[in-house]
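Below is one structure; the comments refer to it alone.
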Amino acid sequence: MNLNRYFILLCTITLPGCSSARPGQTTAYKPATDRYIVALDLNQVKSDKVMVTIMPPEIKQDEVIYNMPKIVPGTYSVSDFGKFVSEFTALDKKGAKLPVQQLDTNRWKIGNAKDLEKITYWVDDTFDAIKKTDTVFEPGGTNIEAGKNFLINPFGFIGYLDGLKQAPYELNITKPQGFYGSTPLIATASTATTDTYLVDDYVTLADSPLMYNVPDTTVLTIGSASVLVSVYSPSGRITSKPIAANINDILEAQRSYLGGKLPVDKYAFLIYVPERVGKTGSYGALEHSNSSVYFLPEMPEEQFTSTMRDVAAHEFFHIVTPLTIHSEQIGNFDFINPDMSKHLWMYEGVTEYFASHVQVYEGLIGMEEFLGKLQEYIATSKAYYNDTLPFTEMSKFVLDKYEKEYGNVYQKGALIGMVLDVRLRELSGGKRGLRDLMQDLGKTYGKDKAFKDDELFDKITELTYPEIRQFFTRYVEGNEPLPLEETFKKVGILYEPLSKQLVNSYGGFMSGYDEETGKLIVESADNLDPFGRELGLQAGDQLLKWNGTEISPANVRQLIGEELQEMKPGQEITVTVGRKNKAGVMQELTLKGKVRQQERMVPHYLEPAPNATPGQLALRAAWLGKGAQ
């Protein structure tokens, strides 16, 4: 999930392995000649680089190609991890060099391959990429800080040979004294200075991130599942214990929501908290089958844990899809030339919908807050994306033709989930919803059985009702806008595309983002309203604190969109800004004003209908569970 400069939460799909061993499990392996033996020595760092040494399985042909991923599952952009590889060398049993030809950024052809004994090369990290064109979304990247932290997304360090992507991997890591490896994997051997892991294939390896540093970890027990929360915060201001305490409720709610048992035995939250914004200017998370990696900014503890809770709710739900339910394109991902699935509406959209719906259904938030989330999905989708583009087509061509439409999977994709959920509740008399459908799909397919892309809608229809096929034809494969007003009416919710409302003003300034300082700024003060003029906001002001709470891209929506709206008109409010004086020196100023209401046209306004019928209320109760009151 990526909190980008426009504050839109984005994320990425994960990659379930197609073999029997999962993170946290081991199986009986074949002799070493039939597996890769990989070594990373984290004590030997040269110019921010780590050497990778690989002894491959037995090669039976004269030439073989070694691949580093061009694209990895979930990021939906070209990463070209071969760009970070240097001094690539292939050696025979006597230590003599074999002929190597680099075919392109990510592939090396090795000659006399039957004699191949070892491959070595140095890997640079993506966090310190010099060129803007080389930046990689941080949760899907790599970090090498000698003696401090190593974030190891394996696809950024390790590749595979053509025809041998399914061979097992033995990963050996030499670590600094006092370091701990946080990962969903279970070490088969571990000492104070070394760890060894065994995984079934490259897909599983790529899906199993590791983070090495002096440990700050907390372990939660959620039902029968063990959940690791691991934090690296250079300043030490963000720690694992309060984060774990904060997300415990949402994880327990998800367990209840999923029928009382989680489909994983072990899960790991790996959280990197930088002191400055990264090279991409983004924050967010990347989920995997049994783990998720977070790159989130420092902020006050309460705001950090709240942000972490919301993001984690989404990432954790990926254990349902595509971990349990996925297409053939996902199950056997092509890291060089991937064939994309048509079903991002499910992988990301349903996941995002569940992340919000579970909170209202299990009583963690009220109906008003949930409707606010739906309102945000609608407003963002309508404002920034093409509402008539068939979602299956966008998904299929998201890497190129429709790259700019990808963010809509978290907006309209969630709304597809919502409308489908209400429709299923309606057709079943309130007895079954989207959650039940996903459980049925999990039983029909599962971790080791992928579905064919073109068969999914028909299979869902077979498991539900004939009317559902028409829903997919019109609103997911077709170009018709979702029937939002009709859907909300069924559950007694008033929906107005544009409604005149009194809201607490934030000042009317246009916001911007300063990449150099990582601060939000007042981009323009041309259209300040009376509250903004009373405060005395000026163009160029850095927004530092809102009513005493530090402002960041991650919490600005909560501070202004939620907490401000809960204040009463006339209450005093302070805004701390950074402003340059006449000498050009940045000074901190505290501006004061009183909360004022402003009449605004609110787009996509939602509120419970005061005259809802008993039938509407009953369907609403089935849909929203504990939060329907």
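Overview of results
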| quantity | calculated |
| --- | --- |
| Residues of region 512-548 satisfying the condition of being among the charged types (D, E, K, R) and either assigned to a strand (DSSP E or B) or under 17 Å from Leu559 (Cβ atoms) (or both) | Asp514, Lys519, Glu523, Asp541, Lys545 |
| Residue in region 154-166 that is in a loop (DSSP other than H, G, I, E, B) and basic (Lys, Arg) present | yes |
| Filter result (within 14 Å of the chain's Cα centre (by Cα) and under 20 Å from Pro263 (Cβ atoms)) within region 324-348 | Tyr347, Glu348 |
| Test: His314 is under 16 Å from the mean Cα position of the chain (by Cα), surrounded by 18 or more Cβ atoms within 10 Å (Cβ to Cβ) and modelled with pLDDT of 85 or more | yes |
| Matching residues in region 423-470 - criterion: being outside any helix (DSSP H, G or I) and within 27 Å of the chain's Cα centre (by Cα) | Gly433, Tyr445, Gly446, Lys447, Asp448, Lys449, Ala450, Phe451, Lys452 |
| Qualifying residue in region 285-300 (condition: over 17 Å from Tyr232 (Cα atoms), in contact with a strand residue (DSSP E or B) (Cβ under 9 Å, 6 or more places away or on another chain) and either hydrophobic (A, V, I, L, M, F, W, C) or outside any loop (DSSP other than H, G, I, E, B) (or both)) | yes |
| Any chance Thr142 is modelled with pLDDT of 95 or more and in the same structural domain as Ile110 (by TED's automatic domain parsing) | yes |
| Matching residues, region 329-386, being touching a helix residue (DSSP H, G or I) at 6+ places or on another chain (Cβ under 9 Å), among the hydrophobic types (A, V, I, L, M, F, W, C) and in a loop (DSSP other than H, G, I, E, B) | Phe333, Phe335, Met340, Leu364, Ile365 |
| The lone exception for Tyr495 - which of (1) aromatic (Phe, Trp, Tyr); (2) out of contact with any Gly (no Cβ under 7 Å at 6 or more places or on another chain); (3) within 30 Å of Glu275 (Cα to Cα) it fails | (3) |
| Every residue from region 520-572 that is of a type in the set (Asp, Glu) and either closer than 11 Å to Leu591 by Cβ or free of Cβ contacts under 8 Å to residues at least 24 places away in the same chain (or both) | Glu523, Asp526, Glu534, Asp541, Glu563, Glu566, Glu572 |
| One residue from Glu287, Glu328, Glu369, Glu376 being in contact with a Cys (Cβ under 7 Å, 6 or more places away or on another chain) and charged (D, E, K, R) | Glu287 |
| Flag if Leu427 is of a type outside the set (Val, Ile, Thr), out of contact with any Leu (no Cβ under 9 Å at 6 or more places or on another chain) and modelled with pLDDT under 95 | no |
| Any strands (runs of 3 or more DSSP E) falling wholly within region 169-278 and containing at least 1 residues that are in contact with a Gly (Cβ under 8 Å, 6 or more places away or on another chain) and crowded, with 16+ Cβ neighbours inside 10 Å | 169-174, 194-199, 210-213, 266-272 |
| Residues (more than 30 Å from Ala383 (Cβ to Cβ) and in contact (Cβ under 8 Å) with a residue 60 or more places away in the chain) located in region 579-610 | Lys594 |
| Extreme residue, surrounded by the fewest Cβ atoms within 10 Å (Cβ to Cβ), among residues of region 57-89 that are among the aromatic types (Phe, Trp, Tyr) and out of contact with any helix residue (DSSP H, G or I) (no Cβ under 8 Å at 6 or more places or on another chain) | Phe88 |
| Failed criterion for Thr613 (all others in (1) touching a residue at least 12 places away in the same chain (Cβ under 8 Å); (2) on the phi > 0 side of the Ramachandran plot; (3) more than 36 Å from the chain's Cα centre (by Cα) hold) | (2) |
| Region 53-73: number of residues that are farther than 16 Å from Ile336 by Cβ and not charged (D, E, K, R) | 7 |
| Which listed residue, of Ser292, Ser306, Ser282, Ser356, is surrounded by fewer than 24 Cβ atoms within 10 Å (Cβ to Cβ), of a type in the set (Gly, Ala, Ser), closer than 29 Å to Lys626 by Cα and not assigned by TED's automatic domain parsing to the domain that holds Ser395 | Ser306 |
| Identity of the residue in region 393-405, in a helix (DSSP H, G or I) and surrounded by fewer than 21 Cβ atoms within 10 Å (Cβ to Cβ), that ends up farthest from the chain's Cα centre (by Cα) | Glu393 |
| Which numbered condition Tyr605 misses (of (1) within 32 Å of the chain's Cα centre (by Cα); (2) within 20 Å of Leu528 (Cα to Cα); (3) hydroxyl-bearing (Ser, Thr, Tyr)) | (2) |
| Some residue of region 125-142 being within 30 Å of Lys60 (Cβ to Cβ) and either in contact with a Phe, Trp or Tyr (Cβ under 8 Å, 6 or more places away or on another chain) or surrounded by 16 or more Cβ atoms within 10 Å (Cβ to Cβ) (or both) | no |
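Conditions (1) crowded, with 19+ Cβ neighbours inside 10 Å; (2) assigned by TED's automatic domain parsing to the domain that holds Leu591, marked per residue:
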position: Thr487; (1), (2): yes, no
position: Glu516; (1), (2): no, yes
position: Lys519; (1), (2): yes, yes
position: Glu534; (1), (2): no, yes
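Table: residues versus (1) surrounded by 20 or more Cβ atoms within 10 Å (Cβ to Cβ); (2) under 27 Å from Pro608 (Cβ atoms); (3) in contact with a Ser or Thr (Cβ under 7 Å, 6 or more places away or on another chain).
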{"residue": "Glu368", "(1), (2), (3)": "no, yes, no"}
{"residue": "Thr380", "(1), (2), (3)": "yes, yes, no"}
{"residue": "Tyr384", "(1), (2), (3)": "no, no, no"}
{"residue": "Ser428", "(1), (2), (3)": "no, yes, no"}
{"residue": "Lys443", "(1), (2), (3)": "no, no, no"}
{"residue": "Asp458", "(1), (2), (3)": "no, no, no"}
{"residue": "Val476", "(1), (2), (3)": "yes, no, yes"}
{"residue": "Asn479", "(1), (2), (3)": "no, no, yes"}
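The values are calculated or read from the model by the stated rules, or taken from the named source; none is laboratory data. Please read all numbers here as calculations on a predicted model, not as lab measurements. Neighbour counts run over all protein chains shown; Cβ positions are idealised from the backbone, glycine included.
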